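Structure first, then comments.
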Amino acid sequence: MEKISIIMPVYNEKLMWVKQSLDSMLNQSYSNIEIIIILDNPENIVLKKFLLKESSRNKKIIVLENKKNLGIVESLNRGLKIATGPFVARMDADDIAYYDRLENEIVFLINNNLDMVISTVTDIDERGNLLLSREQRDLLGEGFEKEIRFKYLGAHSTWLIKKEMFDDLNGYRKLDYVEDLDFLLRGIEKGYALGLFGKPTIKYRVREKSVTSDNRLEMFLNSIEVRKQFCKKRLSLSEPDRIMRKSSQVTESDKIKYSRVTDIRKKIFYKLSNHDLSGFFYIPVFISIIIFNRYAWLLLINDSKRILTKNNNL
């Protein structure tokens with residue numbers, strides 16, 4: 001049983017969430033682990049005291065404190081530098097891992113001769129209530145590569161990767177809100193074998209307010225450009241500033257309008273996925289707000305491509 005180094009950044013998550021997340025990793029059926037926690041908010045005294053106390057009681061826990069807020073990319077890369085396991089797992093401080101997460105992922109990785117595994121999730125709300133299971137079929141090879149061109153697969157906090165892959169790709173690049181997608185596609189571009197484990201391995205907390213939710217438009221535009229460069233087979237050679245050029249030009253008004261679109265789109269998706277027909281009542285509202293929103297049209301085009309690709313793969 002080889003060691004797995006778990007990298008978990010912490011910033012402004014509720015103490016209860018951090019406790020649940022940490023406990024879920026400490027109680028894994030796969031026991032040879034180290035948990036590297038990077039506190040990216042040195043002013044959060046409550047979390048700091050809790051994490052230092054936990055690390056003093058458990059040798060598996062290592063706490064790194066950033067002297068100032070560095071952001072997700074630098075925090076993750078800092079944790080990766082001290083990881084000692086041949087495998088690295090990602091975890092977010094507001095998610096909850098199922099008991100057999102690591103065991104299932106490493107078996108899937110080894111059995112399919114992969115360098116990296118991503119898993120699906122069960123969505124929960126901020127109170128821990130079930131929203132939706134995203135279970136789907138496993139994806140390997142060409143099937144994985146086709147879908148990742150139009151759809152983000154799994155979740156960042158489900159990753160399990162060979163450490164050598166992180167080292168070879170020099171970790172994450174500073175690409176706002178899409179550093180994970182950029183890493184995935186650069187890995188494929190370089191010939192690494194990736195796969196999606198279709199059974200959920202974590203409970204993924206959907207938060208009302210987060211860095212991602214506040215910057216959905218920039219994330220969307222950056223993801224389009226990352227995929228465009230990947231399709232041209234030159235993502236690894238593309239400078240992050242060039243990729244983020246369009247997203248850097250959005251206005252606050254653009255962001256607010258786009259957030260309205262995605263909020264209603266998500267509401268329709270959750271309701272219809274759970275066979276709640278009231279989701280249909282939101283469709284006219286959705287149509288009315290996308291008519292004059294160019295970014296919403298881009299989103300619809302992207303959705304259409306994803307649906308067509310999925311149907312062609314059936």
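The table below lists the values:
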read-out: Filtered residue count, the range 62-72, keeping only those that are under 21 Å from His156 (Cα atoms) and either touching a Leu at 6+ places or on another chain (Cβ under 8 Å) or surrounded by 20 or more Cβ atoms within 10 Å (Cβ to Cβ) (or both); value: 3
read-out: Filter result for Phe150 (open to solvent by less than 10 Å² (accessible area, probe 1.4 Å), farther than 18 Å from Val73 by Cα and among the aromatic types (Phe, Trp, Tyr)); value: no
read-out: Selection count, the range 214-247, where residues are farther than 29 Å from Asp138 by Cβ and of a type in the set (S, T, N, Q); value: 3
read-out: Search result, residues across the range 219-259 that are basic (Lys, Arg) and at negative phi; value: Arg227, Lys228, Lys232, Arg234, Arg242, Arg245, Lys246, Lys255, Lys257
read-out: Residues of the range 97-118 classified as within 21 Å of Val18 (Cβ to Cβ) and either open to solvent by less than 60 Å² (accessible area, probe 1.4 Å) or of a type in the set (A, V, I, L, M, F, W, C) (or both), total; value: 3
read-out: Candidates Glu218, Glu208 - the one that is surrounded by fewer than 16 Cβ atoms within 10 Å (Cβ to Cβ) and closer than 30 Å to Glu126 by Cβ; value: Glu208
read-out: In the range 131-161, the residues that are farther than 15 Å from Tyr98 by Cα and among the acidic types (Asp, Glu); value: Asp138, Glu142, Glu145, Glu147
read-out: The range 150-163 residues that are in contact (Cβ under 8 Å) with a residue 40 or more places away in the chain, paired with ones that are in a loop (DSSP other than H, G, I, E, B) and open to solvent by 50 Å² or more (accessible area, probe 1.4 Å) (beta carbon under 8 Å, 6 or more apart); value: Lys162/Pro86; Lys163/Pro86
read-out: Yes/no for Lys233 being open to solvent by 40 Å² or more (accessible area, probe 1.4 Å), farther than 30 Å from Asp92 by Cα and modelled with pLDDT of 90 or more; value: yes
read-out: Residues (at pLDDT 80 or above and surrounded by 14 or more Cβ atoms within 10 Å (Cβ to Cβ)) located in the range 280-314; value: none
read-out: Residue check, Glu2 open to solvent by less than 30 Å² (accessible area, probe 1.4 Å) and touching a residue at least 24 places away in the same chain (Cβ under 8 Å); value: no
read-out: Among residues of the range 153-187, those that are open to solvent by 20 Å² or more (accessible area, probe 1.4 Å) and either of a type in the set (A, V, I, L, M) or in contact with a Ser or Thr (Cβ under 9 Å, 6 or more places away or on another chain) (or both), counted; value: 4
read-out: Options Leu131, Leu196; residue that is within 27 Å of Lys267 (Cα to Cα), part of a strand (DSSP E or B) and open to solvent by 40 Å² or more (accessible area, probe 1.4 Å); value: Leu131
read-out: Subset of the range 209-223 [over 12 Å from Tyr177 (Cβ atoms) and in contact with a Lys or Arg (Cβ under 9 Å, 6 or more places away or on another chain)]; value: none
read-out: Condition broken by Asn104, with the remaining ones in (1) over 24 Å from Pro200 (Cα atoms); (2) in contact with a strand residue (DSSP E or B) (Cβ under 8 Å, 6 or more places away or on another chain) satisfied; value: (1)
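The values are calculated or read from the model by the stated rules, or taken from the named source; none is laboratory data. Note that this is a predicted model, so its numbers are computed, not measured. Quick reminder, even Gly has a Cβ in these numbers, built from the backbone with ideal geometry, and neighbours come from all protein chains shown. Protein only, heavy atoms only, side chains kept; ligands, DNA and RNA dropped before computing areas. Shrake-Rupley method; radii C 1.70, N 1.55, O 1.52, S 1.80 Å.
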